[in-house]
Amino acid sequence: MRMSVGWLGRTALAMATILWAAALREPAASAACVLVPQAAGLERSLERRTIGACISAPATAPNGDVVQPTTTGLIVIRGLDGHAAFTDGVRTWVDGPSGLQRRMNGDRFDWETATRAVVPASGKAGGGLSLADCTEPGTRQSPDEREACAKLLGEAINATERRVSAPVLGTGKHHVLSDWRGVPVAYVDDGANAFAYDGKALFYIDRDLVFTFPGDFIGWIVDGVIRGGQGDAILMIDDSPFAPTHPPTSAEPLRAPHGAPPKRGQREIPSLLPVMTTAWTRPDHAGLPL
């Protein structure tokens, strides 16, 4: 239920949008390009994770869904249950009975499986699956297909991670990670694994990318600052001079012993690097277990 979109995912989304357009009834030529009204609540819930601007008027798909492509994905007002959803090509946010929830396109929440038909996957596990097949909503995958899709998604992850070829943090050097208050909250000694001062394993760093151990994508290291998906600073490394304004850094606390880092789970696909801001985000708000 993780993975964010990289360039390959966006390519798949663009192709899917073209196919959608071919299947839709043509909207009236005079229709203004404004976001479909039913998506207003979805747009507010997503806050700064924008759903983008519309690139055409909404139209009705053959299955009764109202769809509208945007500059960052596709809005879907589902004909079956009336819920608004937005997909960026790999992930989907659904404004459902429990509020805004995020999942992978091919997954379903419990309340969805009771109301929406699930159809078999394409049966292309022998090598004919595409990334679009793997993220097609409403498909049920066989074990072979899931394995093939995991490989494809892994390749997409690799494709989005090739900005930095060497580790950003030096192995064997003690790095102190401080928050918006200037308070040291974590450290890295091996160039990869971050621990809290109470010994808790927090996250790991692979080149310039930061993930939780279960695999959630947190953000990037840019000029000695860990930044989240909106470009805000989460943690600064070794009092980086490029961090946004903050109080003076306080003394490092004593470190409790820690064990080996946990096993790493399947990663999300990193999203595109955003514009950097001069704002801070609390680590817990960014998904870091602090």
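The values are calculated or read from the model by the stated rules, or taken from the named source; none is laboratory data. The shown structure was predicted, so the numbers you read here are calculated from the model rather than taken from an experiment. Note that each Cβ is placed from the backbone with ideal geometry, even for glycine, and that neighbours are counted across all protein chains shown.
Of all residues in region 67-110, those being touching a helix residue (DSSP H, G or I) at 6+ places or on another chain (Cβ under 8 Å), within 29 Å of Ala148 (Cα to Cα) and not in a strand (DSSP E or B) number 5.
Residues checked against (1) closer than 15 Å to His175 by Cα; (2) part of a loop (DSSP other than H, G, I, E, B):
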| site | (1), (2) |
| --- | --- |
| Asp190 | yes, yes |
| Leu235 | yes, no |
| Pro247 | no, yes |
| Pro253 | yes, yes |
| Arg267 | no, yes |
| Gly287 | no, yes |
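Among residues that are modelled with pLDDT of 75 or more and not aromatic (Phe, Trp, Tyr), Gln141 is not included.
When every residue of region 43-55 is checked against the conditions, at least one turns out to be modelled with pLDDT of 50 or more and more than 30 Å from Val210 (Cβ to Cβ).
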